[in-house]
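Engineer: Here it is: the structure, laid out below.
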């Protein structure tokens with residue numbers, strides 16, 4: 001399979017600052033999402049389903065939860081004798097931690113040198129989608145591009161550092177601008193880049209030696225003039241995570257049938273670490289509608305428009321609407337929660353009420369007792 | 001060279017399970033789905049792992065494909081270890097010919113070389129048709145402290161049901177003086193659970209004697225155990241307290257599943273200190289739609305529920321469409337209950353499709369003659385056409401055509 005000639009590189013810490021509350025205690029890649037996943041499951045599964053069998057995960061800080069989640073890579077079939085999963089902790093430059101994408105890539109020089117694969121895919125963890133990278137690579141080979149950028153044509157989501165492509169009719173990138181208004185109809189980059197490994201190594205080495213530090217400005221924008229950059233238009237569902245609000249919204253998108261179907265295509269499953277929970281138990285008198293619910297929950301109250309992660313308990317008489325409740329949170333009896341995101345292991349005692357709004361959901365941090 | 005193991009387990013998984021009819025047409029009984037996401041064999045395997053036994057031989061014979069696939073390298077149960085782990089042991093051909101497993105004892109006899117390479121002191125013999133959580137290490141400690149040749153796990157059944165079981169009649173110190181197979185007038189209510197621990201030296205001796213006896217049916221219960229007792233070996237009963245259910249029949253399989261819906265579920269599969277491990281499907285969380293109503297039910301990942309559930313268990317990937325009703329039923333992986341269909345007191349096997357408006361099963365109170373009532377079973381992959389009606393106790397193995405109204 002041609003995909004085997006590709007090594008995947010995942011940046012697990014990029015965008016940490018956009019959801020500070022949630023990423024205070026973890027990397028962006030290990031943010032819980034969609035009832036049983038972590039955000040890194042999406043790029044990782046997409047790569048594996050596209051035939052990639054070597055993936056390096058670049059970490060920076062607070063990556064214990066990420067390592068715990070990834071383990072040996074078994075859940076993604078990446079626990080292999082040859083190739084497989086590589087966790088790439090910060091490396092080099094004395095005590096200095098990398099501060100941008102170019103430095104991060106410079107830090108994995110030796111990993112890249114030891115890869116025999118001809119191509120690389122670079123990915124962050126902020127896009128929730130089910131994409132076939134084999135098709136991206138095919139397009140990359142067809143156009144003979146130096147860099148292929150995956151983009152989505154449509155309304156600009158609320159991204160912190162939006163990269164907007166201007167393309168000709170052959171999908172060749174003619175200009176790259178930084179910044180666009182939210183909601184504007186544009187072709188925006190999803191942050192997936194495909195290129196030859198040798199090209200990446202050379203470009204990074206050159207950027208480092210010239211003290212260039214901005215990936216978008218110094219590699220992509222400069223590349224428009226000096227190299228051949230093409231776009232690959234992605235047609236499926238994309239949920240961009242860039243704030244607590246968008247995190248809330250994208251989770252809620254999962255309640256749409258077509259999104260659920262597209263994202264969890266049984267031909268290209270999204271893998272995650274297993275937990276061996278028993279099936280979810282619905283009590284007598286429970287009222288549950290329009291919700292996404294993982295295994296191991298016990299529901300005795302009312303749940304409407306919610307995402308419940310594994311092992312959540314909802315007590316009798318409690319009413320939850322528009323909530324995202326992460327793993328092992330326990331909600332007592334007669335508690336009312338609306339527009340709320342609860343992190344892991346939170347305890348809500350009986351008879352509490354917390355009500356947020358759609359534009360500003362309440363966030364309750366890990367392990368809190370309410 | 002294999003490191004010595006104090007105790008290994010042998011799991012008898014070759015039986016057809018003929019009393020499960022359509023459910024075991026293509027799969028061995030231990031591979032039958034149970035409890036929303038498990039298969040029956042998950043229970044003895046998880047018990048082994050949780051009891052510290054990490055070498056398990058699984059004796060397979062009848063329809064082993066699904067079971068072998070399911071066991072794989074044993075990773076779901078942490079049994080993918082370097083020396084021990086789970087081993088599927090089918091009958092094999094040797095220089096003196098080939099034999100099927102003639103009986104439970106013969107199955108173990110044929111695998112003496114497998115057991116010997118671990119040089120165990122004790123061997124646990126398990127069967128693949130019981131739902132229970134048991135700490136075999138406690139039973140082993142009992143076996144050791146009584147210096148027994150064989151310890152048999154015993155379950156206290158109600159006296160009025162005792163005549164359906166193999167009864168162990170014991171002295172006060174727990175030693176067994178008599179086996180009473182399905183006695184008309186039971187002397188005690190200690191039923192044998194079919195779980196044995198043997199000191200390996202003794203077992204080996206009696207297996208060899210049994211094999212040399214041309215009149216033997218090579219069965220543990222009928223031949224080996226009585227032979228040991230008659231020879232004066234020390235055999236003791238270890239009383240087990242807790243939930244235990246034989247799921248060898250359609251009714252008992254259905255009942256054991258329904259037991260899980262009891263809010264005070266005596267099995268408690270959610271206990272983190274005694275997990276029941278299983279091969280987890282790769283599926284998203286289940287989605288409960290706008291028109292759904294779930295009452296006292298178990299639902300697992302990959303399901304889509306838009307209809308009404310009452311006292312039911314849905315396995316992975318089951319779809320219940322709008323207006324469909326599922327009552328007191330078990331819907332196995334990948335099955336689909338279409339719009340307006342009604343499934344009650346039924347077991348719908350893997351990937352079966354119940355067409356729109358079809359009615360499967362009957363409530364006992366709706367029967368003219370209560371004796372005709374029973375659980376309806378739809379076999380794996382069977383399609384029940386729109387508006388078709390399947391009566392109570394039916395065993396459907398062929399597609400049923402659509403009925404025009």
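Engineer: Provide a whole-number value for the mean count of partner chain Cβ atoms within 10 Å of the Cβ atoms in peptide B:300-307.
Structural biologist: 4
Engineer: Rounded to the nearest 0.05, what FRET efficiency do residue A:357 and residue A:258 give with R0 = 25 Å and r taken as the Cβ-Cβ distance? Could you check?
Structural biologist: 0.40
Engineer: Along Cα→Cβ, 7 Å out, is where each label goes; now give me the distance between the ones at residue B:177 and residue B:93 in nm to one decimal.
Structural biologist: Spacing of the two 7 Å Cα→Cβ label points: 5.3 nm.
Engineer: Could you rank the peptides B:289-299, B:383-393, B:328-338 by their average count of other C-beta atoms within 10 Å per residue, with the highest value first?
Structural biologist: Averaged packing, sorted descending, gives the order B:328-338, B:289-299, B:383-393.
Engineer: Report the Cα centroid-to-centroid distance between region A:167-233 and region B:324-341 in angstrom, as an integer.
Structural biologist: 51
Engineer: For an R0 of 35 angstrom, estimate the FRET efficiency from the Cβ-Cβ distance between residue A:245 and residue B:290 and round to the nearest 0.05.
Structural biologist: That pair, residue A:245 with residue B:290, gives E of 0.90.
Engineer: What angle, in degrees between 0 and 90 and rounded to the nearest 10, separates the Cα long axis of helix A:244-253 from the longest principal axis of the Cα atoms of chain A?
Structural biologist: 80
Engineer: Can you give the convex hull volume of the alpha carbon atoms of chain B per residue, in Å³?
Structural biologist: 157
Engineer: Right, something else. Give the share of C-alpha pairs in each 5 angstrom bin for region A:281-364, from 0 to the last occupied bin, in whole percents, shortest bins first.
Structural biologist: Going out from 0 Å in 5 Å bins, region A:281-364 shows 4, 18, 30, 31, 13, 3, 0 percent.
Engineer: Which value results for Rg/Rh of region B:282-330 when Rg is the Cα radius of gyration and Rh the Kirkwood radius based on the inverse mean 1/r?
Structural biologist: Ratio of gyration radius to Kirkwood radius for region B:282-330: 0.92.
Engineer: Tell me the mean residue ellipticity at 222 nm calculated for chain B from its helices only (DSSP H runs of n ≥ 4, each -39500 (n - 2.57), averaged over every residue, nearest 500).
Structural biologist: Rounded to the nearest 500, the figure is -4500 deg cm²/dmol.
Engineer: Further question on the same structure: Could you pull the Cα extents of region B:244-336 along its three principal axes, largest to smallest, in whole Å?
Structural biologist: 37, 28, 23
Engineer: Which peptide among A:250-261, A:178-189, A:310-321 comes first, and what is the full order, when sorted by highest mean count of other Cβ atoms within 10 Å?
Structural biologist: A:310-321, A:250-261, A:178-189
Engineer: What does the convex hull of the Cα atoms come to per residue for the protein assembly as shown, in Å³?
Structural biologist: That works out to 204 Å³ per residue.
Engineer: Say we join alpha carbon atoms closer than 10 Å with springs in a Gaussian network model of chain B; which of B:145, B:51, B:252 then has the biggest fluctuation?
Structural biologist: Top of the fluctuation ranking is B:145.
Engineer: Let me ask another. Other chains' Cβ within 10 Å of A:291-298 residues: what's the mean?
Structural biologist: Across the residues of A:291-298, the mean count of other-chain Cβ atoms within 10 Å is 6.
Engineer: In vacuo Debye scattering of region A:235-322, one point per C-alpha: log10 I(q)/I(0) at q = 0.26 Å⁻¹?
Structural biologist: For region A:235-322, the Cα-only Debye profile gives -1.29.
Engineer: Let me make sure I get this right: for region A:101-169, a, b and c are the square roots of the gyration tensor eigenvalues over alpha carbons, sorted descending. Under 1.5 in a/c it's rounded, otherwise prolate if a/b > b/c, else oblate. Which is it?
Structural biologist: In terms of gyration-tensor shape, oblate.
Engineer: What is the Cα convex hull volume of region A:3-263 when expressed per residue in Å³?
Structural biologist: Roughly 124 Å³ of hull volume per residue.
Engineer: Can you run the Rg to Rh ratio on region B:364-405? Use alpha carbon positions and the Kirkwood inverse-distance Rh.
Structural biologist: 1.03
Engineer: Quick check on packing: order B:176-188, A:228-240 by the mean number of other C-beta atoms within 10 Å, highest mean leading.
Structural biologist: Descending mean neighbour count gives A:228-240, B:176-188.
Engineer: Percent relative contact order of region A:3-263, based on C-alpha pairs within less than 8 angstrom and at least six residues apart?
Structural biologist: Relative contact order, region A:3-263: 22 percent.
Engineer: Using alpha carbons only, how many angstrom separate the centre of region B:231-291 from the centre of region A:295-370?
Structural biologist: After rounding, the separation between the Cα centres reads 29 Å.
Engineer: Between the alpha-carbon centers of region B:85-163 and region B:199-226, tell me the distance in whole angstrom.
Structural biologist: 12
Engineer: Something else: Scattering from the C-alpha atoms of region B:102-236 alone, worked out with Debye: what is log10 I(q)/I(0) at q = 0.18 1/Å?
Structural biologist: -1.07
Engineer: Same structure, new question: Based on the Cβ-Cβ distance of residue B:147 and residue B:184, what FRET efficiency does E = 1/(1 + (r/R0)^6) give at R0 = 22 Å, to the nearest 0.05?
Structural biologist: Step by step, r from the Cβ atoms, then E = 0.05.
Engineer: What's the average, rounded to a whole number, of partner chain beta-carbon atoms within 10 Å of each residue's beta-carbon in B:254-267?
Structural biologist: Mean number of neighbouring Cβ atoms from other chains: 1.
The numbers here are math on the coordinates, done by the rules we state, and not lab data. Not measured: the values here are computed from a predicted model. For neighbour counting, all protein chains shown are included, and Cβ atoms are generated from backbone atoms with ideal geometry for every residue, glycine included.
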